[in-house]
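Participant: Here it is: the structure, laid out below.
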There are 2 protein chains.
Amino acid sequence: MSQVKILKGNIIFTKTPEEFQVFEGGYIVVEGTRVKSVSQTLDKQYDSSLVEDYGDKLIIPGFVDAHIHAPQFENTGIGLDKELLPWLEMYTFPEEAKFLDTDYAERIYSRFITCLWEYGTTRSIVFSTLHKEATERLIELFKKSGLGAYVGKVNMDRNSPPFLTETTEDSLRDTEELIQKYGEGDLVKFIITPRFVPTCTPELMEGLGELAEKYDVPVQSHLSENHGEIEWVRNLHPESKHYADVYNRHKMFGHKPTIMAHCVHNDEEEIELIKENHVFVAHCPTSNLNLSSGLAPIRKYMNKGIDVGIGTDVSGGHTFSMNECIVSAVQISKMYNLYVDNKDSMLSTSEAFYLATKGGGKFFGKVGSFEAGYEFDALVIDDSFLKGEAERSIEERLQRYIYIGKKFSVEKRFVAGKEISKPQF
Amino acid sequence: MSQVKILKGNIIFTKTPEEFQVFEGGYIVVEGTRVKSVSQTLDKQYDSSLVEDYGDKLIIPGFVDAHIHAPQFENTGIGLDKELLPWLEMYTFPEEAKFLDTDYAERIYSRFITCLWEYGTTRSIVFSTLHKEATERLIELFKKSGLGAYVGKVNMDRNSPPFLTETTEDSLRDTEELIQKYGEGDLVKFIITPRFVPTCTPELMEGLGELAEKYDVPVQSHLSENHGEIEWVRNLHPESKHYADVYNRHKMFGHKPTIMAHCVHNDEEEIELIKENHVFVAHCPTSNLNLSSGLAPIRKYMNKGIDVGIGTDVSGGHTFSMNECIVSAVQISKMYNLYVDNKDSMLSTSEAFYLATKGGGKFFGKVGSFEAGYEFDALVIDDSFLKGEAERSIEERLQRYIYIGKKFSVEKRFVAGKEISKPQF
């Protein structure tokens with residue numbers, strides 16, 4: 001039998017989006033890397049076992065950031081009076097070009113990962129830059145940290161500034177080498193990452209699709225974030241029915257596990273393709289508000305059974321806080337209801353929390369819940385600074401932590417059963 | 001000559017919404033309570049004067065919270081999966097009822113004011129509850145703190161729960177007594193505060209309008225926050241053309257300085273009345289997103305020359321942070337552009353900052369700017385924790401502080417020339 005760890009505290013998580021599972025003063029039994037059981041009282045067989053008692057604190061699943069750009073760390077909080085395309089040109093591309101310098105990459109990526117750790121993000125799906133060496137550094141730093149991640153070297157061989165363009169050949173060769181080195185892994189793995197259709201020639205996409213197939217590697221990219229971008233894709237690919245079809249033609253749309261960021265303005269046919277091909281949606285609410293992208297139809301995706309996670313999209317999103325992204329996701333769902341389609345689109349707190357944990361966690365396998373068999377990714381939350389005079393239920397305390405908690409509220413993090421201390425890079 | 005104080009630092013503020021005024025390593029000369037001059041170099045007459053040198057820190061105007069409910073302090077961060085009217089009934093009214101207990105009021109209001117202080121809100125326009133004694137405590141605590149505020153006892157003599165309803169007579173008498181006691185003041189003053197039309201009988205509104213006239217006291221209330229509320233007002237007042245007309249008929253719509261929170265769904269005729277009567281709008285972006293209220297047409301108000309401030313609207317808004325409200329105001333303006341009326345509605349960072357300082361500050365007189373003659377309300381911001389590897393302009397540093405600064409970034413606060421230390425209640 002693997003080593004057993006038992007934690008006691010106010011356990012709260014979402015098995016389904018509709019409601020919270022609450023075990024006030026309950027127990028989680030962890031065997032090795034996974035949850036064995038969660039219960040209100042402890043089974044007799046553990047009578048003599050050591051219990052880590054977190055008293056009145058909350059124990060929740062670790063957050064899963066389904067879409068984030070590591071090299072944009074330095075740009076958090078600026079440039080947000082721009083739309084997507086000018087923002088890329090003025091702020092993002094010049095910053096990403098700096099990652100040719102591997103020492104710079106090492107410094108920034110160290111701070112990036114520490115920031116994820118601080119905010120309680122235990123897994124993330126990450127874009128690097130097009131630079132192979134910098135991407136290796138990022139992967140190595142993630143491995144050292146103990147946090148879980150998919151990391152992708154970005155591919156871009158057209159429509160990019162000269163200082164941030166690679167040849168098709170280099171792009172494919174570097175990607176293949178990274179797959180060979182990091183395609184298999186336990187907590188940190190490589191993911192194929194065409195930046196988005198406008199920056200990838202059909203030849204490059206073709207080659208990437210083949211690599212995904214050959215090595216059985218997942219794929220991430222961007223889809224239908226912004227009207228200007230969609231129009232650009234339409235002009236670049238008149239042969240395709242829609243934006244998603246371009247990826248689909250190159251076997252990068254669910255042929256291997258695929259996650260597409262944004263999906264704000266997909267048409268009905270595209271949404272059907274997302275569903276049929278089991279493509280994940282990474283909803284990036286703060287980014288969509290900041291870059292004037294729009295209100296994504298999340299309720300519609302959920303009703304259709306499409307898998308949805310939540311991404312911070314730093315630095316289109318200005319915050320690493322998944323809490324703030326949950327809040328923005330709820331807010332967006334309400335505005336969608338009022339201004340787009342009054343079909344009960346509002347997300348409840350439990351639904352948005354589900355997306356930020358189990359929803360995105362599904363891309364990693366059994367992650368984001370405390371059900372038996374799930375990898376034990378968890379946060380211990382000390383919300384005592386929020387304690388007022390009123391008696392609050394565990395669910396209300398979680399809601400207050402989401403809305404007004406701070407990163408210092410995260411007292412401990414666990415990934416796959418192991419406590420993760422602050423990265424020492 | 002009054003006492004002169006000179007501050008040196010990276011001074012940034014908005015004289016007009018369109019652009020920031022920046023004095024990198026500049027000087028502010030304060031004489032008594034007001035700004036005498038702001039300049040890049042110090043006039044020779046001050047050669048022998050002592051200079052408070054804040055080095056590389058930012059010096060910005062203090063924030064003005066144009067709309068906030070002090071008794072809802074304990075409810076921040078919960079109940080936000082509700083719309084306005086159910087939220088009032090389930091969360092807000094039961095909490096406000098507790099303020100019959102003046103000791104409770106004293107405890108909560110102490111924490112409330114400390115929270116304003118922490119976030120760098122130097123002036124605020126505040127709703128209390130209907131309780132006279134609790135309101136007096138709030139006013140006294142504000143006076144003790146040194147922060148500036150308008151504080152209003154809420155009036156509600158109909159359509160309220162039995163535990164939170166007063167008679168018309170009591171309501172008017174208590175209001176008049178508070179005006180007599182606190183109508184005149186330097187930094188803290190009384191403001192007439194009908195909660196909103198649904199909770200005030202015509203008799204009460206009539207009487208409040210007369211008190212405003214008799215004692216020359218300003219007025220605040222809510223206007224057109226939510227569709228359900230607007231419909232309710234229409235049913236209650238078929239004689240009135242619109243919501244604003246109800247206040248106007250009772251001489252509480254700009255007859256004395258008036259500020260109306262929300263103004264999300266006003267019709268064109270109402271907007272004209274707001275403009276003609278010089279009524280201020282308190283835009284509450286986080287609250288409007290949380291309570292499914294909607295996207296207020298702020299650009300339209302600004303284009304018409306209507307005065308607009310920004311309010312946190314705690315606890316419909318979940319945060320005391322005016323920074324977060326500035327971010328939400330910009331986000332809302334972008335969604336307005338996309339989903340309501342594509343007329344260049346986007347607010348720039350300088351425009352939203354203006355609203356959060358000089359825009360709301362105008363309700364207090366010359367407040368919210370560093371132009372000569374303005375009361376010296378200021379924050380010294382230590383943004384060193386945001387320092388990365390890139391060189392940033394002062395304007396970019398301010399933008400980063402707004403988007404990702406924390407309350408601990410506020411190092412010092414000044415109100416009307418005086419440094420305000422943490423309240424010791």
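The values are calculated or read from the model by the stated rules, or taken from the named source; none is laboratory data. Treat the numbers as computed from the prediction; the structure is a model and nothing was measured. Because the Cβ atoms are built from the backbone with ideal geometry, glycine has one as well, and the counts that use them run over all protein chains shown. Only protein heavy atoms, including side chains, enter the accessible area calculation; ligands, DNA and RNA are left aside. Shrake-Rupley method; radii C 1.70, N 1.55, O 1.52, S 1.80 Å.
Participant: Pop out a list of residues from the range A:403-419 that are at least 30 Å² less accessible with all the protein chains around than in their chain alone; 1.4 Å probe, no ligands or nucleic acids counted.
Facilitator: Buried by the other chains: A:Tyr403, A:Ile404, A:Lys406.
Participant: Further, regarding this structure: When chain B is treated as a GNM, springs tying every alpha-carbon pair under 10 Å, which of B:Val340, B:Val367, B:Val188 comes out with the largest mean-square fluctuation?
Facilitator: Residue with maximal mean-square fluctuation among B:Val340, B:Val367, B:Val188: B:Val340.
Participant: Provide the descending list of Cα extents for the range A:230-348 along its principal axes, expressed in whole angstroms.
Facilitator: 38, 31, 27
Participant: To continue, here is another question. Using only atoms on other chains, find how many Cβ atoms lie within 10 Å of each Cβ of peptide A:76-89 and report the average.
Facilitator: Working: counts 5, 12, 13, 3, 9, 10, 1, 2, 0, 0, 0, 0, 0, 0.
Average per residue, whole number: 4.
Participant: Only four residue types carry charge here, +1 at the Cβ of Lys and Arg and -1 at the Cβ of Asp and Glu. Report the dipole size of chain B about the Cα centre in Debye, rounded to the nearest 20. Could the numbers behind the result be given before it?
Facilitator: Numbers: 47 positive and 65 negative charges, 196 e Å.
In total the dipole reaches around 940 debye.
Participant: Let me ask you something else. Given points 7 Å out from each Cα along the Cα-Cβ axis, report the B:Ser49 to B:Arg173 separation in nanometres with one decimal.
Facilitator: 5.3 nm
Participant: Related question: Give the distance, in whole Å, between the Cα centre of the range A:135-204 and the Cα centre of the range B:220-256.
Facilitator: Using only Cα atoms to place each centre, the spacing works out to 58 Å.
Participant: Then there is this: Any idea which of B:Ile381, B:Ala356, A:Val340 is furthest toward the positive side of the dipole for the protein assembly as shown, if Lys and Arg beta-carbons carry +1 and Asp and Glu beta-carbons -1?
Facilitator: B:Ile381
Participant: Residues with amide H under 5 Å of B:Gly183's amide H, sequence separation 5 or more or different chain, H placed in the peptide plane at 1.01 Å from N; which?
Facilitator: Under 5 Å from the amide H of B:Gly183: B:Phe190.
Participant: Report the extension gain between B:Lys422 and B:Ala390 in nm, rounded to one decimal, defined as 0.36 nm multiplied by the number of residues separating them, less their alpha carbon distance.
Facilitator: Values: separation 32, 0.36 × 32 = 11.52 nm, distance 3.38 nm.
Using 0.36 nm per residue and subtracting the Cα-Cα distance, I get 8.1 nm.
Participant: Still on this structure, I have one more. Excluding B:Leu379 itself, calculate the net charge of residues whose Cβ lies under 9 Å from the Cβ of B:Leu379, where each Lys or Arg counts +1 and each Asp or Glu counts -1. Spell out each step's value before the answer.
Facilitator: On the way: positive: B:Lys412, B:Arg413; negative: B:Asp377, B:Glu411.
Surrounding charge for B:Leu379 is 0.
Participant: Could you give, in nm with one decimal, how far A:Glu276 is from each other copy of that position, shortest first, with labels 7 Å out from Cα toward Cβ?
Facilitator: 6.0
Participant: While we're looking at this one, here's another question. Could you give the longest part of chain A that holds none of the GluC sites (Glu not before Pro) found in DSSP loops with at most 16 neighbouring Cβ atoms within 10 Å?
Facilitator: The segment A:19-183 is the longest one with no such site.
Participant: If I histogram all Cα-Cα distances within the range B:120-228 using bins 10 Å wide from 0, what percent of pairs lands in each bin?
Facilitator: The percentages, shortest bin first, are 15, 49, 29, 7.
Participant: Could you run the Karplus curve 6.51 cos²θ - 1.76 cosθ + 1.60 with θ = phi - 60° over the range B:286-301 and give me ³J(HN,Hα) per residue in whole Hz, x for Gly and Pro?
Facilitator: 5, 5, 4, 6, 5, 9, 6, 7, x, 9, 6, x, 5, 4, 4, 4
Participant: To two decimal places, what compactness ratio does the range A:32-84 give when its Cα radius of gyration is scaled by 2.2 N^0.38 Å? Numbers along the way, then the final one.
Facilitator: Numbers: Rg = 20.8 Å, N = 53, 2.2 N^0.38 = 9.9 Å.
Dividing the Cα Rg of the range A:32-84 by 2.2 N^0.38 Å gives 2.10.
Participant: Still on this structure: Using the Karplus curve 6.51 cos²θ - 1.76 cosθ + 1.60 with θ = phi - 60°, work out ³J(HN,Hα) for each residue of the range B:212-221 in order, rounded to whole Hz, and write x for Gly and Pro.
Facilitator: 4, 5, 4, 9, 6, 10, x, 9, 9, 6
Participant: Under the convention of a label 7 Å out along Cα→Cβ, give the distances in nm from A:Val340 to the same position in every other copy, shortest first.
Facilitator: Result, one decimal in nm: 1.8.
Participant: While we're looking at this one, here's another question. Summarise the long-distance tail of P(r) for chain A by giving the % of C-alpha pairs beyond 34 Å. All intermediate terms of the calculation are to be shown ahead of the outcome.
Facilitator: On the way: 24666 of 90100 pairs.
Taking all Cα-Cα pairs of chain A, the fraction more than 34 Å apart is 27 percent.
Participant: Closest approach to the B-A rotation axis by any Cβ of B: residue and distance in angstrom?
Facilitator: B:Tyr339, 2
Participant: Something else now. Would you mind computing Rg(Cα) / (2.2 N^0.38 Å) for the range B:1-74, counting N as its residues?
Facilitator: Working: Rg = 15.4 Å, N = 74, 2.2 N^0.38 = 11.3 Å.
Here the answer is 1.37, to two decimals.
Participant: At 1.4 Å probe size, put A:Met90, A:Met156 in order of accessible surface, largest to smallest.
Facilitator: Working: A:Met90 110, A:Met156 0 Å².
The ordering from most to least exposed comes out as A:Met90, A:Met156.
Participant: Here's another thing I want to ask about it. Less than 10 Å Cβ to Cβ from B:Ile420, Lys/Arg counted +1 and Asp/Glu -1: what total charge do the surrounding residues give?
Facilitator: Values: positive: B:Lys412, B:Arg413, B:Lys418, B:Lys422; negative: B:Asp377, B:Glu419.
Counting the neighbours of B:Ile420, the net charge comes to +2.
Participant: Using only protein heavy atoms and a 1.4 Å probe, report how much of A:Leu100 is accessible, in Å² to the nearest 10.
Facilitator: Roll a 1.4 Å probe over it and A:Leu100 shows about 130 Å².
Participant: Using modelled amide H (1.01 Å from N, peptide plane; none on Pro or chain starts), what sits under 5 Å from the amide H of B:Ser37, excluding residues fewer than 5 places away?
Facilitator: It is B:Val29, by chain and number.
Participant: Would you calculate, for chain A, the mean residue ellipticity at 222 nm contributed by helices, counting each DSSP H stretch of 4 or more residues as -39,500 (n - 2.57) and dividing by all residues, to the nearest 500?
Facilitator: Details: 14 runs with 143 residues, N = 425.
Result for chain A, helices only: -10000 deg cm²/dmol.
Participant: Quote the FRET efficiency, to the nearest 0.05, computed for B:Lys343 versus A:Lys241 with a Förster distance R0 of 22 Å and r equal to the Cβ-Cβ distance. Kindly include the intermediate steps, with their values, before the conclusion.
Facilitator: On the way: r = 33 Å, r/R0 = 1.48.
E between B:Lys343 and A:Lys241, to the nearest 0.05, is 0.10.
Participant: Out of B:Asn342, B:Asn266, B:Asn248, any idea which swings most in a Gaussian network model of chain B, alpha carbons joined below 10 Å?
Facilitator: In the Gaussian network model the winner is B:Asn342.
Participant: Straight-line reach from A:Lys334: which lysines fall under 17 Å, measuring Cα to Cα and dropping same-chain residues less than 8 apart?
Facilitator: A:Lys300, A:Lys343, B:Lys82, B:Lys334
Participant: Taking a label point 7 Å out from Cα toward Cβ, give me the nm distances from B:Tyr215 to the same spot in the other copies, shortest first, one decimal.
Facilitator: From this label point to the equivalent ones elsewhere in the assembly: 7.5 nm.
Participant: Provide a whole-number value for the mean count of partner chain Cβ atoms within 10 Å of the Cβ atoms in peptide B:130-142. Working shown, then result.
Facilitator: Details: counts 0, 0, 0, 0, 0, 0, 0, 0, 0, 0, 0, 0, 0.
The mean count of partner-chain Cβ atoms within 10 Å per residue comes to 0.
Participant: May I pose another question? Counting only residues 5 or more places away or on other chains, whose amide H sits under 5 Å from the amide H of A:Asn155 once H atoms are built in the peptide plane?
Facilitator: Residues meeting the criterion, in which the H sits 1.01 Å from N, are A:Thr193, A:Arg195.
Participant: Scale the Cα Rg of the range B:351-411 by the rule-of-thumb value 2.2 N^0.38 Å and send over the ratio, two decimals. Don't jump to the answer; show the numbers that get you there.
Facilitator: Numbers: Rg = 13.3 Å, N = 61, 2.2 N^0.38 = 10.5 Å.
Normalised Cα radius of gyration, the range B:351-411: 1.27.
Participant: Next question. Just to be sure I understand the model, the point goes 7 Å from the Cα along the line to the Cβ. What's the resulting B:Gln21 to B:Glu140 distance in nm?
Facilitator: So the two model labels end up 4.0 nm from each other.
Participant: Ratio to report: Rg/Rh of the range B:66-148, with Cα atoms as the point set and Rh obtained by the Kirkwood method; give two decimals.
Facilitator: Working: Rg = 12.7 Å, Rh = 13.1 Å.
Looking at the range B:66-148, the ratio lands at 0.97.
Participant: Applying the Karplus parametrisation 6.51 cos²θ - 1.76 cosθ + 1.60 with θ = phi - 60° to the phi angles of the range A:29-41, what ³J(HN,Hα) value in whole Hz is obtained for each residue in order, glycine and proline being reported as x?
Facilitator: Once θ is set to phi - 60°, the couplings for the range A:29-41 become 9, 10, 10, x, 9, 10, 5, 8, 7, 10, 7, 6, 10 Hz.
Participant: Need one number: the % of Cα-Cα pairs in the protein assembly as shown sitting beyond the 53 Å mark. Write down the numbers at each step before the final one.
Facilitator: Details: 53301 of 360825 pairs.
Here the tail beyond 53 Å accounts for 15 percent of pairs.
Participant: What is the Cα centroid distance between the range A:361-418 and the range B:301-375, reported in whole angstrom?
Facilitator: 34 Å
Participant: I've got another one for you. Just name one of A:Tyr54, A:Val29, A:Asn10: the one whose Cα is farthest towards the positive end of the charge dipole of the range A:1-80 (beta-carbon charges, Lys/Arg +1, Asp/Glu -1).
Facilitator: A:Val29
Participant: Further question: What number of lysine-lysine pairs in the range B:143-285 show an alpha-carbon separation below 21 angstrom, given a sequence spacing of 8 or more or placement on distinct chains?
Facilitator: 23
Participant: In a Gaussian network model over chain B where Cα atoms closer than 10 Å are linked, find which of B:Pro218, B:Pro17, B:Pro238 has the largest mean-square fluctuation.
Facilitator: Highest fluctuation among the options: B:Pro238.
Participant: Sort B:His265, B:His255, B:His250 by accessible area with a 1.4 Å probe, largest first. The partial results should precede the final answer.
Facilitator: Details: B:His265 40, B:His255 85, B:His250 20 Å².
Ranking B:His265, B:His255, B:His250 by accessible area, largest first, yields B:His255, B:His265, B:His250.
Participant: Another one. Which FRET efficiency, nearest 0.05, do A:Lys181 and B:Lys214 yield, Cβ-Cβ r, R0 56 Å? Don't jump to the answer; show the numbers that get you there.
Facilitator: Values: r = 81 Å, r/R0 = 1.45.
Rounded to the nearest 0.05, the efficiency is 0.10.
Participant: From largest accessible area down, sort B:Trp87, B:Trp117, B:Trp232; use a 1.4 Å probe on the protein chains.
Facilitator: On the way: B:Trp87 10, B:Trp117 35, B:Trp232 75 Å².
Result of the area sort, largest leading: B:Trp232, B:Trp117, B:Trp87.
Participant: Determine the sum of side-chain charges near B:Asp341: Lys and Arg each +1, Asp and Glu each -1, restricted to other residues whose C-beta is under 15 angstrom from that of B:Asp341. Display every interim value, and only then the final one.
Facilitator: On the way: positive: B:Arg299, B:Lys300, B:Lys304, B:Lys334, B:Lys343; negative: B:Asp267, B:Glu268, B:Asp344.
Spelling it out: positives minus negatives among the neighbours equals +2.
Participant: Which whole number gives the average, over all residues in B:283-289, of C-beta atoms from other chains lying within 10 Å of the residue C-beta? Please report the intermediate quantities before stating the final value.
Facilitator: Numbers: counts 0, 0, 1, 3, 0, 3, 8.
Counting Cβ atoms of other protein chains within 10 Å of each residue's Cβ and averaging gives 2.
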